[in-house]
Amino acid sequence: MPADLSSVIAATAQWLLRAYPPERGALSGALAEAQCRQAATVAAWLRYPTALDAGLLDVTGPGGSGRLDWVTGVHAVPGEDAGWRTWVDEVVASWAACLLADRGLAVAAIATVTGSVHTAGLAPDFRRLTDPDRRDRQAAVLLRHPDLLSPVADLHRADLLTRLGSGTAQAA
């Protein structure tokens with residue numbers, strides 16, 4: 001049975017959207033959110049590959065967005081209910097940033113989670129992550145910019161490469 005990581009995925013995707021806002025407009029917002037959710041989903045599935053891992057997350061909690069906020073200078077809006085920020089997982093955000101910035105890593109990550117407990121009985125489609133069209137790229141230009149993402153991506157890139165079996169090699 002797949003583990004429920006929906007709170008971590010939703011909060012981490014929300015944090016990425018706020019840290020790297022999409023182009024203006026409802027369609028751009030929706031396209032950028034879809035890309036964030038796909039990246040956060042794959043990253044969470046990699047980070048918590050079993051139901052036991054996800055269960056331990058429920059006990060210990062994901063850690064929140066504090067360090068990410070500090071690294072990027074993004075903070076809660078005064079008066080905003082920021083409770084969702086406690087469900088942001090720093091490693092998931094870092095890995096999602098890596099996947100958004102590097103198609104090769106995204107493809108490798110999806111290959112790794114395919115057939116896992118999380119995809120049992122599902123045929124997930126991650127095309128917006130691996131093969132964004134012109135409109136997707138335009139909507140999420142900040143979310144896809146490797147230089148802008150590097151402060152977050154670099155936090156845990158080495159662990160992602162290890163998880164994917166890439167060691168220290170650069171992905172294409």
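The values are calculated or read from the model by the stated rules, or taken from the named source; none is laboratory data. Bear in mind the structure is a predicted one, so any value in this text is a computation, not a measurement. Backbone-built Cβ (ideal geometry, glycine too); neighbour counts: all protein chains shown. In case anyone asks, the SASA skips ligands and DNA or RNA and just uses the protein heavy atoms, side chains included. Shrake-Rupley method; radii C 1.70, N 1.55, O 1.52, S 1.80 Å.
Below are the figures for this structure:
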{"read-out": "Residue that is among the basic types (Lys, Arg) and part of a loop (DSSP other than H, G, I, E, B), where the choices are ARG128, ARG137, ARG157, ARG144", "value": "ARG144"}
{"read-out": "Residues of the range 109-128 that turn out to be touching an Asp or Glu at 6+ places or on another chain (Cβ under 9 Å) and touching a residue at least 12 places away in the same chain (Cβ under 8 Å), as a count", "value": "1"}
{"read-out": "Subset of the range 80-94 [open to solvent by less than 10 Å² (accessible area, probe 1.4 Å) and either out of contact with any strand residue (DSSP E or B) (no Cβ under 8 Å at 6 or more places or on another chain) or more than 26 Å from LEU56 (Cα to Cα) (or both)]", "value": "VAL92, ALA93, SER94"}
{"read-out": "Residue list for the range 62-84, filter: touching a helix residue (DSSP H, G or I) at 6+ places or on another chain (Cβ under 7 Å) and of a type outside the set (Val, Ile, Thr)", "value": "PRO62, GLY63, GLY64, SER65, ARG67, LEU68, HIS75, ALA76, TRP84"}
{"read-out": "Top-ranked residue of the range 66-79 - restricted to ones that are assigned to a helix (DSSP H, G or I) and open to solvent by 60 Å² or more (accessible area, probe 1.4 Å), ranked as nearest to HIS118 (Cα to Cα)", "value": "ARG67"}
{"read-out": "Candidates ALA54, ALA44 - the one that is part of a helix (DSSP H, G or I) and touching a helix residue (DSSP H, G or I) at 6+ places or on another chain (Cβ under 8 Å)", "value": "ALA44"}
{"read-out": "Hits in the range 55-65 (condition: farther than 16 Å from ALA153 by Cβ and either in contact (Cβ under 8 Å) with a residue 24 or more places away in the chain or open to solvent by less than 50 Å² (accessible area, probe 1.4 Å) (or both))", "value": "GLY55, LEU57, GLY61, PRO62, GLY63, GLY64"}
{"read-out": "Which numbered condition VAL71 fails, given (1) hydrophobic (A, V, I, L, M, F, W, C); (2) out of contact with any Leu (no Cβ under 8 Å at 6 or more places or on another chain); (3) more than 25 Å from PRO124 (Cα to Cα)", "value": "(2)"}
{"read-out": "Subset of the range 94-118 that is in contact with a Phe, Trp or Tyr (Cβ under 8 Å, 6 or more places away or on another chain) and assigned to a helix (DSSP H, G or I) - its residue that is nearest to THR50 (Cα to Cα)", "value": "HIS118"}
{"read-out": "Residue within the range 39-54 that is closer than 22 Å to GLU23 by Cβ and in contact (Cβ under 8 Å) with a residue 24 or more places away in the chain present", "value": "yes"}
{"read-out": "Residues being buried (at least 24 other Cβ atoms within 10 Å of the Cβ) and small (Gly, Ala, Ser) - total across the range 21-48", "value": "5"}
{"read-out": "Hits in the range 16-41 - residues which are part of a helix (DSSP H, G or I) and either of a type in the set (S, T, N, Q) or over 14 Å from LEU100 (Cα atoms) (or both)", "value": "ARG18, ALA26, LEU27, SER28, GLY29, ALA30, GLN35, GLN38, THR41"}
